[in-house]
Amino acid sequence: MKIEIDHKLLSDSPLNSENEDLFSTVVNKSTNDLIEDIVNGNPTCYLVSGYRGSGKSSFVRKIQSEIGKINRESDKETVFVYLNFSKYKDQASLLRKLIRGLYLEIKDLKSFSQIKSQEQKKLLTERTAFLLEELYDKTFYDISSQSLESTKKEKITVFNIDIIAIIKSLLPVLVTIFFVLDWINAWFDLSRLIHFIAVIVSSILSIIGCLKLAHTISNSRTTQKDFTRKSMFDNEIADYHLLNILSYLKDSYRIVFVLDELDKINVDDIDTLLNEMKPYLVSGTASYIVVAGQGLFYKYFESKTVDDALLSSMFSKFIHIPLLSRVELHFLFEKLLLNNQPLSIIAKQKLDNYVDFLIFESKRVPRKFISLVRQNLTWENGKSFLYVDELDSTNEIFTQINNIIDKIDNTEIAAQSFDDAVKDYCKMQLYLKSHAILSMNKNQFTLEEILNQNEQQ
């Protein structure tokens, strides 16, 4: 049996425009309450858990998409900031991720440009947009700024006496007086006065020939005051500025930080990360969606019985993305089919058995289910196909096992007042035990053999 598959829908990435319809069954759960809480409630912290590949990231993308469709006049703009925490180093790397992610998401927004324009008349230290840009630059480069203020007062009084210049300027006058007196002498007896003046002039000329005298009187007074300030940058300063920036932006934006890929971090490192994140998570300046795997949920579940535990008080809302049901996975597979032609009863049964095989191997995890479909594709002229042998009955065993698991799920697990995450844990254990049983290659086995097989694995 040859079945054409729409390979464009076979994507390992989270929800996007191409596979949105495919994952509608995954992301349409628990969305409304979270959307209303983010839009209308105060900033807080949420925990989204689930098995790897269950659709946690797609769920958050769906939340963002739905909030983006909400058009309300004079309403705050919602900004989602995605941060990948597949690896965690230290507080410095944490701050860099927060600052870079925030700046890159809002720097091109029209509203952010308006904020920058409105802040032009403020001091540099009061410009939120400028501070954010400066912090962003400092996450890449070692930048220091220095300001120098200087005040200088100077008063100078200078009095110069140049004796030679004075005498040179007086000589023509003295010579003139001499000739005048000489002319007058013809009429009066002034010989004695002339002789006296001649002696004085000769003395002066002798002194000029021997001396060159210059005397300067100077009075100077200078007052100068210098003030130097050099900026510093470290984790504490960045932390202080970031919280202030978030507090200011809160009036214009609903900022939602999405801390993704936490399920890839060592459990012990998660404790350290959350401890250092706590001041931000509970600051009330932005909302935080922590996307984590089952490991963090188990710690959160256990914290309910621990006195003054950090996790039990950190998250205001817990959302679990459940494994898909068997019916939902069959429906998902039907969406992958192209040129869906009517099948005979036998062919339809064989195809259902094959889908049950995929469900069993994927343990109801959507991403694993999609990956298994891709593994079995064959290509012809740019088209993808699945071949299902109508004469092969090996997949019937997987239909039987799924029937048994469904029965236990509907009668035993569903009847318990467990959290959805605990119920998923029980279902996952059923599939793991079933795998252990099949690996024995025996038609009959005991409970002890199953338990021993599980310990060996």
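Just a few scattered comments:
- FRET efficiency for the pair Asp308 and Lys122, taken as 1/(1 + (r/R0)^6) with r the Cβ-Cβ distance and R0 = 41 Å, rounds to 0.45.
- J(HN,Hα) series, segment 365-376, from Karplus relation 6.51 cos²θ - 1.76 cosθ + 1.60, nearest Hz, glycine and proline x: 8, x, 5, 5, 4, 4, 4, 5, 5, 5, 4, 9
- Residue exposure sequence - Met1, Met277 - by fewest surrounding Cβ within 10 Å: Met1, Met277
- Amide H contacts of Leu338 (H built 1.01 Å from N, in plane; Pro and chain starts excluded): Glu4, Ile5, Asp6 sit under 5 Å, all sequence-distant by 5 or more or on other chains.
- Taking 0.36 nm per residue of separation and subtracting the Cα-Cα distance, full extension of the segment from Ser316 to Val282 would add 11.3 nm.
- The phi torsions of segment 299-306, fed into the Karplus equation with coefficients 6.51, -1.76 and 1.60 and a -60° offset, translate into couplings of 5, 5, 5, 5, 5, 5, 9, 10 Hz, rounded to whole numbers, with Gly and Pro shown as x.
- Ordering Phe333, Thr399, Ile437 by the projection of their Cα atoms onto the charge dipole of segment 326-456, which places +1 on the Cβ of Lys and Arg and -1 on the Cβ of Asp and Glu, puts Phe333 at the extreme positive end.
- Amide H within-cut-off set for Arg254, under 5 Å, with H built and near neighbours excluded: Glu77, Thr78, Val79
- When each of Phe331, Phe140, Phe369 is scored by the number of other beta-carbon atoms lying within 10 Å, the sequence from fewest to most is Phe140, Phe331, Phe369.
- Per-residue Cβ neighbour rank within 10 angstrom, fewest leading, Ser93, Ser434, Ser57: Ser93, Ser434, Ser57
- Applied to segment 351-359, the Karplus parametrisation 6.51 cos²θ - 1.76 cosθ + 1.60 on θ = phi - 60° returns per-residue 3J(HN,Hα) values of 5, 5, 5, 5, 5, 5, 4, 4, 5 Hz, with x for Gly and Pro.
- Leu337/Thr31 FRET efficiency (R0 30 Å; Cβ-Cβ; nearest 0.05): 0.65
- Note on Leu109 and Ala415: the extension gain reaches 105.2 nm, defined as 0.36 nm multiplied by sequence separation minus the Cα-Cα distance.
Throughout, read-outs are computed from the coordinates displayed, never taken from laboratory work. Worth saying up front: this structure is predicted, and the values here are computed from it rather than measured. Don't worry about glycine lacking a Cβ; one is built from the backbone with ideal geometry, like all the others, and counts go over all protein chains shown.
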